[in-house]
Amino acid sequence: MELVTLAQAAATALDNKGLAYLGAGLSIGAGAGGGAVGIGLLWSKGIEGIGRQPESRAVLQGLMFLGFALAEAQVLYAFVVTFLLLFAVH
């Protein structure tokens, strides 16, 4: 089968439901990946800051937990968008 014929067959098979599934996968993938990177950077820099100035542990720890909650909220929003895409398209 030629590449052009294969591409045309894939284009006709990819309807709205297929695009919604593709968008749902990309949504949760990017959202969870971004949240994981953000949380990892946040905690590594927070621990590094505590190691440099141990007396600022209370302030940094509070900010780290606040940042964790905000980064995790991004993942939850991506989760909601994923389910909207999966179940809104019939």
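The values are calculated or read from the model by the stated rules, or taken from the named source; none is laboratory data. Predicted model only: the values in this text are computed from it and were never measured. For neighbour counting, all protein chains shown are included, and Cβ atoms are generated from backbone atoms with ideal geometry for every residue, glycine included.
Okay, here's what the table says:
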quantity	calculated
Single residue of the range 48-73 satisfying the filter (aliphatic (A, V, I, L, M) and surrounded by fewer than 12 Cβ atoms within 10 Å (Cβ to Cβ)) that is nearest to Asn16 (Cα to Cα)	Ala73
Inter-residue pairs, beta-carbon under 8 Å, first at pLDDT 70 or above and in the range 6-17, second outside any helix (DSSP H, G or I), 6+ apart	Asn16/Val89; Lys17/Val89; Lys17/His90
Residue match in the range 36-45 (condition: at pLDDT 80 or above and loosely packed, with under 11 Cβ neighbours inside 10 Å)	yes
Neighbours by Cβ (under 7 Å, 6+ apart or cross-chain): first from the range 78-90, at pLDDT below 90; second of a type in the set (D, E, K, R)	Val89/Lys17
Options Gly67, Gly34, Gly62, Gly46: the member that is of a type outside the set (S, T, N, Q) and touching a residue at least 40 places away in the same chain (Cβ under 8 Å)	Gly34
Lone qualifier among Leu76, Leu85 - being in a helix (DSSP H, G or I) and surrounded by fewer than 14 Cβ atoms within 10 Å (Cβ to Cβ)	Leu76
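Results for (1) under 15 Å from the mean Cα position of the chain (by Cα); (2) farther than 29 Å from Val89 by Cα, shown as yes or no for each residue.
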{"site": "Gly18", "(1), (2)": "no, no"}
{"site": "Gly35", "(1), (2)": "yes, no"}
{"site": "Glu48", "(1), (2)": "no, yes"}
{"site": "Arg52", "(1), (2)": "no, yes"}
{"site": "Arg57", "(1), (2)": "no, yes"}
{"site": "Gly62", "(1), (2)": "no, yes"}
{"site": "Ala73", "(1), (2)": "yes, no"}
{"site": "Tyr77", "(1), (2)": "yes, no"}
